[in-house]
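Below is one structure, written out as structure tokens; comments come after it.
The values are calculated or read from the model by the stated rules, or taken from the named source; none is laboratory data. Just so it is clear, the model here is predicted, and its values are computed rather than measured. Note that each Cβ is placed from the backbone with ideal geometry, even for glycine, and that neighbours are counted across all protein chains shown. SASA here: full protein model, heavy atoms, side chains in, ligands and nucleic acids out. Shrake-Rupley method; radii C 1.70, N 1.55, O 1.52, S 1.80 Å.
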Amino acid sequence: MKQRHIRLPARLGIPACLGACAGASLQAGQADAPLARAHTALNLATACAVLLAALALLLWRQHRLATRLQTLEHLRADAELARLACEQQKAREQERRRIGRDIHDDLGQHLLTLKIDLAMLQANSAATAPQLAQKLALIARNVDLSIAALRCVIDDLRPPALEHGWQAAFDGLLADFSRSTGIVCDGVCDALDGVAGAQEPLLYHALQEALANVARHAGASRVSVSLRRRAATLELCVSDNGVGMHAANARRGCGLSGMHERLACAGGCLHIDSRTGGGTRLRLSLPLPLPPADNAGQC
């Protein structure tokens, strides 16, 4: 509103000046000789040219200011969306940790107590009631399966490997993959220095899913993994020399749709480059959380 009040007198002042100059020229034309009229006309033309140039300069500066303000608004909106996405991801991670602790402390302890009681019943009934002991063994086995499934749920909420830092988790995941599949795996990882924060579980699960797809579908003998930090973005690349994927599988199959959805919720994106017989390259990018100073500057 302030800019409109400032620009309105300027726009009205330019026609007023033009009218004043025209009136002065008419009065001078009526009073002076033909030579004076020609001189006045020249001055009028010069004044009009100057005023037109000033008007053009004013309009150009106004357009430039409007473009700059629009660009700033877009940048602020993008920064605000990135900040909200990071805060949302942090809230999810805190909720996952809380749920994992509650499951471990409550349900996990109950299952462990049940397993101990069943072991005592098996030991007491092994000689006197063999059939009962067999039933108890089946129940104990089901309890073990439930404990294993519970651990998988807790690990999926917050991978225990991340408790020792991202670099250790990265190296351990690649080493376990090579040991279990026999596929040579080369890994390069930039030092994150804790900047990934709440994005670490998402990166870890994405890398897990990518390596699992290679083991199940690629038929590869070598895999290359790199995690690079580029400005305010993390870029994870997983490349193999396997059989490649069809276009339909690249869009829908192999658990990639779930990975794409999780990355999209965090403001990231997933790209797959694959051709039959030419291997597959999976590249995902994820924005880093904004530091506290930047967040404060945006408020």
Exposure of SER146 as accessible area (Å², to 10), given a probe of 1.4 Å and all protein chains: 50
Low-density loop cleavage sites - trypsin sites (Lys or Arg not before Pro) in the range 118-179, where at most 11 other Cβ are within 10 Å (DSSP): none
Per-residue SASA entry for HIS260, accessible area with 1.4 Å probe, Å² rounded to 10: 90
Nearest-10 value in Å² for the accessible area of ASP102, using the 1.4 Å probe: 80
